[in-house]
Amino acid sequence: MTVEPAVLAELPLFRPLPLEARAALAALASMEKRPSGFVIFEEGDPPGDVFFVLDGRITLTMGAGAGASSARSLAPAEIVGWSSLLGRPRVARAVVSRAATLVRIPASDVLELCERDPRVGYAVMAQAFEQVADRLVDTRMQLLDLYGKSG
Amino acid sequence: MTDERTYRVDLMTRVEGEGRFVLRVKDGVVIDAELSIFEAPRFFEAFLRGRSLFEVPDLTARICGICPIAYQMSSARALEAALGLVPTPEIERLRRAIYCGEWIESHALHVFMLHAPDFLGYESAIEMARDHRAIVERGLRLKKTGNRLIEILGGRPSHPVSPRVGGLSKAPTVAALRAIRDELARGLEESLETVRLVARFPMPELEVDYVFASCVSGDAYPIERGDAIVLSGGRGVVPVASWDREMIERHAPHSNALQATLADGTPYLCGPQARLFHHAEKLHPVARDAMREVGLPREVKNPYRSIVVRAVELVHAFAEALALVERYEVPERSYVEGPLRAGVGAGASEAPRGLLWHRYEVSADGSVVSARIVPPTSQNQARIEADLRALGPSLLAMEHGAATRRAEQLIRSYDPCISCATHFLDLRIEPTHEGSA
Amino acid sequence: MGSEAHAPPARPRLGVFKLASCDGCQLTLIGCEDELLALSEKVDIAHFPEASSRTDVHGRFDVALVEGSVSAEWQREELLSIRERSKLLVTIGACATSGGVQALRNGKDVSEFVRAVYASPAYISTLDRSTPVSAHVSVDYELRGCPIDKHQLLEVLTALLVGRRPAIRDESVCMECKRRGNVCVLVAHGEPCLGPVVHAGCGALCPRFARGCYGCFGPKESPATAALAARLKELGVPAADLARRFRSISGGAPAFADEAAKQELEHD
Amino acid sequence: MTHPTKRIARAELDRLFALLSEDARVVHGPTVRDGAIVDAPLASVSELPIGWTDQQAPGRYRLTRRDDAAVFGFVVGPSSPKPLFFPPEETLYRAERRADGKVGFVPVVPSPAPKALLGVRACDVAAMRIQDRVFRDREHREPRYAARRDDTIVVGVHCLAPGPLCFCASMGAGPRVGEGADLALAERLDAGGHIFLVEALTARGQALLSRLEGSEASDEELRWRDEALASAERSMGRTLDTAELPGRLYAALDHPRWEEIASRCLACGSCTSVCPSCFCSGSDDPSDLEGAHTSHTRHWESCFTSAHGELHGHTTRPRTSERYRQWATHKFGAWVSQMGQSGCVGCGRCIAWCPSGIDLVAEVRAIADGVSPVTMPVAREVTAPREESLVPRAATVLARTVESSDVVTLSLRMEPDGRRDFAPGQFHQLSLPGVGEAPISISGDDGAGVEHTIRAVGKLTEALCALRVGAQLGVRGPYGRGWPMDELAGGPVVVVAGGIGLAPLREALRRMLADPERYPDVRLFYGARTPEDLLYGRELLGWIDRPGFDLHVTVDRAGPTWRGHVGVVTRLLRPATVPASARAILCGPEVMMRFTVDALAKLGLPHTRQWVTMERHMKCATGTCGRCQYGPHFVCKDGPVFRFDEVSMLFGRHGL
């Protein structure tokens, strides 16, 4: 499925881009529908594409095996696979927990775009940074055991 | 064919502290009689060195949980001798009162909880209570009264806080001490009952010729004060300060024990029988009547019969305590003080289980230079083993278990206080601790 | 509850054990004159050599009361065995809880001690340190005191039997002293008193008898030993004396041992 | 103010004593014991400390002889009247738990002999008024205190020669004996002789005065007294500026001096114990060997003990600096919002009897002088006191529902009448004789009984969770301030719950859903650790289709079958789900509420539109034990629900 540039305008990460940049990215992007239970990537996989949730729900879990714990579920418009923007392996496992529509873009194309225009690069990275920081806060709250200590 | 029998108990029960005994009889001859103690040493004499002399009664109390006042009193007396302090008669009466509390507590504990089950055939007083609840409850009541008396005068039964060098840190109000009067009066009645009770106990036979050693305390039956030490058998009276020249302690490898004997090697006995022998006429008249009533002689040669002597002393302690409480007035001072000086002093008193002797050397700044403590159980230990040897042949006619119990019962007769003894008794710790490992 | 017949629950088994000690703490159990017989109906006093010839050297226990410190190797071995066989292990008293008065040997040359006391030192086998039970095995509850207080002992036994936390306060002796209406010996008489840093439980006995607390119950929670030492110095207590006061009945407790060491350093 | 005043001779004191002793009244007064002047029952005037005085300095007190025969020629000793009315240790009730699971409670209320107090200083009279307010004249009237305190005759003594540690004038408590005394004496000992001016402050005092032999006091004598009092006021050993002191102390919570004091403070509790107004207490439930018979006892406690700050097995004030700060800020600060007056009367005892010699006045001045104050809450209106004996009543378990592996809901019938009155957000004190007592919030009314959802985290909650239908337990309450149901009406309501925090919110939710006209828009945001920890699952599902109700649930960790949100509850709070006009009520652990409050504030909800429930260890639940004191509030009676701005100053801080 092809992706309309207008779809990218809905995603916070790409909202700062000039129209032509969004159109260029849209040409590289694809849209896919995935059923519940589909594994988008596993923790530790090599870097690859980045995804965005259009609808449905994606759950990220960390720590494979019996001790797996859910980190968070992602709401529409959130980025899935930000670590690829840094060229790092996947830090979590991403599973579709409610049938989802995803936009897929190769991370290398996004990075290339950023390098070409540092202002665009700054805007994209600032957005990505904020989403990552947000997740860090959540993780911290989970570590604090937000619901546990009371009687 | 040789007939060799071994009677042994690896963990002695109903005694204070941990010990075991072995009695071996071969072809009717006792070849080994050994009371050994595997209690770990605690080094009191060693760590007292360098402490302030005022701390000594608090520390020596910790030698024994049953007779701490005896330790406090003997050490305080020794230190007073070193400093040249002379407590007033009022202070001495207070000391006698608290010491009576300890006699009551310790004798009631021993007579009812530790020794009586032997005579009536039980493993413990708790078990005995199923059939003889009234007797056990009486024992507990008497013991409680002793403890209460100590509490009023010293705060708590074990390691009371008031005894100090020079006297007691604080004297009770008249009302506080009188509060125990009725309890003591009832205890006096019940202790008389106790004499009658234990006098009826079936008594195993054993006759021993003892050399008796006991404190002399003026005209009084000796409790809290030893002016001198008297020996029987024409051996005369020894000043407290030179007791360590009359008596020697020997490290006897065969018995694992540091044993005291007289200088000529004669074992001697201290404790209730010795006190009665030397001082029967000084007992309170009520106690003397009780003696007469049950036909107890002044010289008790059967060690098992010490339970009756203890009961008589219980009567005496109650009568004495009652009199002291009734006559009590708050003294001007509850302790005497004086300047520090370098010196040496010895002191003795009569712990419930016998003569307790202390000697200290102190420096001019009031710290302890050296300490020596000779507790009753160490003095009696050679005697205990000698008595075991005497008992040996009579056991051969008995079933083995009963014979072993009879031997253990004999050791209990001396009310041995093993923790007290430990700090000086030899500790040849055997590789296997058969008692509990 | 249904109507089906239930066998009465087995009485919990109690064991009383002794290491290096004076017997005063286990004597406290016999000293519960009013409660002893009732207690023996509620619990099976299966091993208590001081009180009964019925012993169970190898048995299992629901509650083990351990008196005394570890000061010989065989005691360490016995302790490991007691721990293995007991559901709950309760230390009773200062020896078991902090090493006791015999911990005064710690840090000293014990062979010299042995020579000082014993005529034939060759026979003596002992560890060079007297250590608390908790240095060797895990402890479920530590009951303080030299000796322990009988009401606290009953409270611990009751709480363990009923299944609640023992109501034993870790406050200072001052709290007890004030509740009793004693006049503070430190403030009113300048008497050195360890009460402000010592664990309550004795009923503030020493101040009641006009003397300063000497620390039978060991340090309270967060004991301000340095602050107290500073204050006592203002009152004229020399460092060497302070060191001895902290290194006494509960001298093996780390808070007191550390303060004593500080004062000894200063003195030297 | 003129009161009838007589001049009596020194010898007439004996008659006064005899009058006070009438009707078997026990006369308490100062006397010499153990090197100090202490309070004790007296047999005669001769037992008063005639010719004695005291010398006081920080950490030092010495009794010395005067060179005259003054009867009241000293300041104050270590004991105050406090223990006569609020004993250091007492039994409040006895409880029984029978083999059949039934429980019984018998209150212990003393019937003491009536008392007269002779020679009470102005500061102590003021302290008695403070204690009256704590135990008798506020929302609750504690019958034991009242039994000891009512019908007590108080003969005060004007303080004409204050000591070096005195500062009653700064605290408005002296040196003139004020309200609370029946008679006030002024002792005059000069060349003119040894006399007393006796002033009647009450009708009862007047009646006594009329029976004393003496003449009406002359103008000269009254002038002498007033001048002596004025001079005493000027010669106080210490002074303290109390203007806006609460606000200044609370503004200085981070002052480095608190830590410095901790290097001198022994945290021994001597100061609070000698304080004539300190009222904090702890309680124990000693039982017999079976736990069948229990006594509930209360004892003096101190904010310097670890137990006092205990909350769920850890202590909230582990540091001495925090404990000292708690004491000083309570005494001079929180007390004002709680009782309408400072807790300090300036008697100086805490300075004299501090073994370390810490000078409270100097410390407070060092910390609070020159600090700009924060705004403090005002004291709440004192309602007519209602009898509060602190004795539980029996309740019977009607139903037991297992909510999760460690959470159980018990529906309880209150014996004997089955009443079910409570407000959503209030709590009950649930107890099991022999095991203990704890505050448990009320989670609902099921039409037959009052529901309590309990998580098994300790010995008591484990035992409560194990109770079977038909078993009994003890209940006190309901206590506390619940959710602001009236203020929530009208607009959108956001309800945020974490874990078991849904329990105290459930009844509020039920009532809102049952009344859609008042509560047209209710949104529940609920987070739990795992799907298994979610409470009331079936009931929540039943609510989903209600018009005007929105449910958002999230869990921290989920298995593969979970299709819902994963992540912390704050992630659910977005502009799309939280209208800026909403009011919010929150319940969960403190850390969860802290993040939630911030998230809601970002979405436009000011602190004044958010309510939280506070957790503290509620022991007495009536504002008399001091355990749950939280800054200027008692959580048990001023909370547990607070509008967030009432606690925002303290929220999330350590050591409070």
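The values are calculated or read from the model by the stated rules, or taken from the named source; none is laboratory data. Every value quoted in this text rests on a predicted model; they were computed, and no experiment measured them. Reconstructed Cβ throughout: ideal geometry from the backbone, glycine too, with neighbour counts over all protein chains shown.
Brief remarks follow.
- Residue in the stretch B:60-78 that is surrounded by fewer than 22 Cβ atoms within 10 Å (Cβ to Cβ) and not in a loop (DSSP other than H, G, I, E, B) present: no
- Hits in the stretch C:21-42 - residues which are surrounded by fewer than 18 Cβ atoms within 10 Å (Cβ to Cβ) and more than 7 Å from chain B (Cβ to nearest Cβ): C:ASP34, C:ALA38, C:GLU41, C:LYS42
- Any chance C:LYS18 is at pLDDT 90 or above, under 21 Å from the mean Cα position of the chain (by Cα) and surrounded by fewer than 22 Cβ atoms within 10 Å (Cβ to Cβ): no
- Selection of the stretch A:7-61 for residues being farther than 14 Å from A:VAL103 by Cα, among the polar types (S, T, N, Q) and at pLDDT 85 or above yields A:SER36, A:THR59.
- Residue within the stretch D:221-236 that is in contact with a strand residue (DSSP E or B) (Cβ under 8 Å, 6 or more places away or on another chain) and of a type in the set (S, T, N, Q) present: no
- Of all residues in the stretch B:165-186, those that are modelled with pLDDT of 95 or more have Cβ atoms under 6 Å from Cβ atoms of residues that are polar (S, T, N, Q) and outside any loop (DSSP other than H, G, I, E, B), 6 or more apart or on another chain, in B:GLU183/B:THR145.
- Among the residues listed as D:GLU437, D:GLU415, the single one being assigned by TED's automatic domain parsing to the domain that holds D:GLU462, in contact with a helix residue (DSSP H, G or I) (Cβ under 9 Å, 6 or more places away or on another chain) and among the charged types (D, E, K, R): D:GLU437
- Just one of the listed residues (D:THR561, D:THR577, D:THR554) is touching a Phe, Trp or Tyr at 6+ places or on another chain (Cβ under 8 Å) and part of a loop (DSSP other than H, G, I, E, B), and it is D:THR577.
- Condition check for D:LEU464 on (1) within 14 Å of chain C (Cβ to nearest Cβ); (2) at pLDDT 95 or above; (3) closer than 13 Å to D:ALA394 by Cβ: one failure, at (3).
- Residue check, D:GLY499 touching a helix residue (DSSP H, G or I) at 6+ places or on another chain (Cβ under 7 Å) and either more than 27 Å from D:PRO439 (Cα to Cα) or within 14 Å of chain A (Cβ to nearest Cβ) (or both): yes
- Unique match (being within 32 Å of the chain's Cα centre (by Cα), under 29 Å from A:GLY56 (Cβ atoms) and more than 8 Å from every other protein chain (Cβ to nearest Cβ)) among D:THR577, D:THR608, D:THR596, D:THR613: D:THR596
Each row is one residue, and each column tells you yes or no for (1) over 25 Å from D:ARG349 (Cα atoms); (2) at pLDDT 95 or above; (3) within 14 Å of another protein chain (Cβ to nearest Cβ).
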| residue | (1), (2), (3) |
| --- | --- |
| D:ALA203 | yes, yes, no |
| D:LEU222 | yes, yes, no |
| D:ARG248 | no, yes, no |
| D:GLU259 | no, yes, yes |
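- Total residues in the stretch D:494-517 satisfying the condition of being acidic (Asp, Glu) and in contact with a Ser or Thr (Cβ under 7 Å, 6 or more places away or on another chain): the figure is 1.
- Some residue of the stretch D:354-364 being outside any loop (DSSP other than H, G, I, E, B) and either under 28 Å from D:LEU84 (Cα atoms) or of a type in the set (Lys, Arg) (or both): yes
- From the list B:VAL86, B:VAL30, the lone residue that is in a loop (DSSP other than H, G, I, E, B) and surrounded by fewer than 22 Cβ atoms within 10 Å (Cβ to Cβ) is B:VAL86.
- Flag if D:LEU84 is within 14 Å of chain C (Cβ to nearest Cβ), assigned to a strand (DSSP E or B) and among the aliphatic types (A, V, I, L, M): no
- The stretch C:141-153, residues that are surrounded by fewer than 20 Cβ atoms within 10 Å (Cβ to Cβ) and either in contact with a Gly (Cβ under 7 Å, 6 or more places away or on another chain) or within 9 Å of chain D (Cβ to nearest Cβ) (or both): C:HIS151
- Conditions (1) touching a residue at least 40 places away in the same chain (Cβ under 8 Å); (2) out of contact with any Leu (no Cβ under 8 Å at 6 or more places or on another chain); (3) at the interface with another protein chain (Cβ under 9 Å from one of its Cβ atoms); (4) farther than 13 Å from D:GLY626 by Cβ; number of the one not met by D:GLY291: (2)
- Tabulated pairs, the stretch B:144-163, first within 7 Å of chain C (Cβ to nearest Cβ), second acidic (Asp, Glu) and in a helix (DSSP H, G or I), C-beta under 8 angstrom, 6+ apart or interchain: B:ASN147/B:GLU105; B:PRO157/B:GLU105; B:PRO157/B:GLU151; B:HIS159/B:ASP58; B:VAL161/B:ASP58
- One residue stands out in the stretch B:271-285 among those that are of a type in the set (A, V, I, L, M, F, W, C) and within 15 Å of B:TRP103 (Cα to Cα): the one that is surrounded by the most Cβ atoms within 10 Å (Cβ to Cβ), namely B:LEU276.
- In the stretch D:269-281, residue nearest to C:ALA167 (Cα to Cα) [restricted to those that are small (Gly, Ala, Ser) and touching a Phe, Trp or Tyr at 6+ places or on another chain (Cβ under 8 Å)]: D:SER281
- When B:ILE126 is tested against (1) free of Cβ contacts under 8 Å to residues at least 60 places away in the same chain; (2) within 10 Å of chain C (Cβ to nearest Cβ); (3) in contact with a His (Cβ under 9 Å, 6 or more places away or on another chain), just one condition goes unmet, and that condition is (3).
- Residue in the stretch D:419-434 that is over 25 Å from the mean Cα position of the chain (by Cα), part of a strand (DSSP E or B) and not small (Gly, Ala, Ser) present: no
- Hits in the stretch B:47-84 - residues which are small (Gly, Ala, Ser), at pLDDT 95 or above and more than 21 Å from the chain's Cα centre (by Cα): B:SER52, B:ALA81, B:ALA82, B:GLY84
- Within the stretch C:43-66, restricting attention to residues that are more than 8 Å from chain B (Cβ to nearest Cβ) and in contact with an Asp or Glu (Cβ under 7 Å, 6 or more places away or on another chain), the residue that is surrounded by the fewest Cβ atoms within 10 Å (Cβ to Cβ) is C:ALA46.
- Test set (1) under 14 Å from D:LEU360 (Cα atoms); (2) crowded, with 22+ Cβ neighbours inside 10 Å - D:SER321 fails condition number: (2)
- Residue among D:LEU572, D:LEU535 that alone is crowded, with 20+ Cβ neighbours inside 10 Å, closer than 18 Å to A:SER73 by Cα and either out of contact with any strand residue (DSSP E or B) (no Cβ under 6 Å at 6 or more places or on another chain) or of a type in the set (A, V, I, L, M, F, W, C) (or both): D:LEU572
- Criterion violated by B:ARG77 - all others in (1) within 14 Å of chain C (Cβ to nearest Cβ); (2) under 20 Å from B:GLY354 (Cβ atoms) satisfied: (1)
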